Amino acid sequence: MNSKILVTGANGQLGNEIRRICRNFPGLEFIFTDVDMLDITNPDAVSVFMEASRPAIVVNCAAYTNVDGAEESVKNVRKINSLAPQVLAAACAMQDAFLIHISTDYVFDGEATKPYTEDDETNPISVYGNSKLEGEEKIKTVFDNYLILRTSWMYSEFGHNFVRSIISLAKERETLEIVNDQIGSPTYARDLANCIIDIIIKSILNPKAYLPGIYHYANQGSCSWYEFAQEILDVVGIKTCKLVPISTDQFPAVAKRPKYSVLDTTKIRASFGIGIPNWRDSLRECLSSMRS
Ligand SMILES: NC(=O)c1ccc[n+]([C@@H]2O[C@H](COP(=O)([O-])OP(=O)(O)OC[C@H]3O[C@@H](n4cnc5c(N)ncnc54)[C@H](OP(=O)(O)O)[C@@H]3O)[C@@H](O)[C@H]2O)c1
């Protein structure tokens, strides 16, 4: 098997992190694309690109990720999050390539009281969650050569995310109201990027350990958005902004979010022998990387 890996949506948080760590793996050949080079919603473009580049593995980091914006842009969201994964899966099937696709904790409704396993019933409560679940289902109708990794509350040094927003808002304001009744697991995109490469090396390029399917990956431990924000300010050392815990009802968001979306990561840890850091340790690592 060749070791050529096509990464789509490579200018986003996760794609950027894969780009950053790929130099640590000289045995793997990466092709990084984003929408200007390869629009994954265009079946002809995908098929021509796949034919020309012939990757063994496609890592789909491309998505429509604005959860509130999605409520008002249903057609476009479905095109990117639901139909494009099917297009990629079909192109992979044609060329016997493997597809690693990223999905989300927002496929669940948040009514659980313990971490969600891969076998728990899905029931998305937002357009974004619905579109991501539809993407998963469409891949499954095409072939079996896929790995769907559901992750949650992702942040990195790059792009739009909670960590960067909180730091910049806290520098400007004396108080910030943050939701304290939604619980999840913040996940550092670099940890997920390392996990993906680890799985590629241990499993996909080693057919004896070949284990396709759906897996949950999130940093260990959980917290509310308020606790997450407090930890960010503590680590950065911003003392001029006071955080005020509020309920979801008090925060006027366009899209509904699950109240509880902690992911059980037992399956991925056991199947691939992967260690997953605690979210507080990974946050420190990200913030220190941002500083340097
Ligand atoms: N962020 C989170 O909190 C979170 C949580 C759970 C799961 N996830 C999932 O994790 C994956 C990666 O998320 P992320 O935060 O890294 O996303 P991101 O930062 O929003 O990056 C997504 C990238 O996809 C590109 N893209 C959009 N439409 C495209 C198209 N038609 N063709 C090719 N590229 C296209 C975007 O380009 P433009 O910016 O130009 O549109 C962007 O560079 C996604 O599947 C997401 O659903 C994310």
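Assorted remarks:
- Just one of the numbered conditions (1) open to solvent by 40 Å² or more (accessible area, probe 1.4 Å); (2) more than 29 Å from I139 (Cα to Cα); (3) away from the ligand (no atom under 16 Å from the Cβ); (4) not acidic (D, E) is not true of N206: (2).
- Residue within segment 83-104 that is in a loop (DSSP other than H, G, I, E, B) and in contact with a helix residue (DSSP H, G or I) (Cβ under 9 Å, 6 or more places away or on another chain) present: yes
Condition check ((1) hydrophobic (A, V, I, L, M, F, W, C); (2) open to solvent by 40 Å² or more (accessible area, probe 1.4 Å); (3) on the phi > 0 side of the Ramachandran plot) across all residues:
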| site | (1), (2), (3) |
| --- | --- |
| S168 | no, yes, no |
| I199 | yes, no, no |
| K202 | no, yes, no |
| N219 | no, no, no |
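- Scanning segment 243-292 for residues that are open to solvent by 70 Å² or more (accessible area, probe 1.4 Å) and small (G, A, S), we see that the one that is nearest to the chain's Cα centre (by Cα) is A270.
- Yes/no for I80 being within 11 Å of the ligand (Cβ to nearest atom) and not in a helix (DSSP H, G or I): no
- E227, sole failed condition from (1) away from the ligand (no atom under 13 Å from the Cβ); (2) open to solvent by less than 40 Å² (accessible area, probe 1.4 Å): (2)
- Subset of segment 12-45 (residues that are more than 10 Å from the ligand (Cβ to nearest atom), over 19 Å from N194 (Cβ atoms) and among the charged types (D, E, K, R)): D44
- Within segment 246-280, being farther than 29 Å from N130 by Cβ and free of Cβ contacts under 8 Å to residues at least 60 places away in the same chain holds for A270, G275, N278, R280.
- Test for P115: is it more than 14 Å from the ligand (Cβ to nearest atom) and either without any contact (Cβ under 8 Å) to a residue 40 or more places away in the chain or open to solvent by 20 Å² or more (accessible area, probe 1.4 Å) (or both): yes
- Number of the exception - N66 against (1) surrounded by 16 or more Cβ atoms within 10 Å (Cβ to Cβ); (2) within 14 Å of the ligand (Cβ to nearest atom): (1)
- Residue in segment 150-163 that is of a type outside the set (S, T, N, Q), part of a helix (DSSP H, G or I) and touching a residue at least 60 places away in the same chain (Cβ under 8 Å) present: yes
- Subset of segment 48-62 (residues that are in contact (Cβ under 8 Å) with a residue 40 or more places away in the chain and away from the ligand (no atom under 14 Å from the Cβ)): E51, S53, R54, P55, A56, I57
- Index of the failed condition, V87 passing every other in (1) crowded, with 17+ Cβ neighbours inside 10 Å; (2) more than 13 Å from the ligand (Cβ to nearest atom); (3) more than 23 Å from N161 (Cα to Cα): (2)
The values are calculated or read from the model by the stated rules, or taken from the named source; none is laboratory data. Keep in mind the model is a prediction, meaning the values are calculated, not measured. Positions of Cβ are backbone-derived with ideal geometry, glycine not excepted, and every protein chain shown enters the neighbour counts. Ligands, DNA and RNA are stripped out before the accessible areas are found, and what is left, the full protein with its side chains, is counted by its heavy atoms. Shrake-Rupley method; radii C 1.70, N 1.55, O 1.52, S 1.80 Å.
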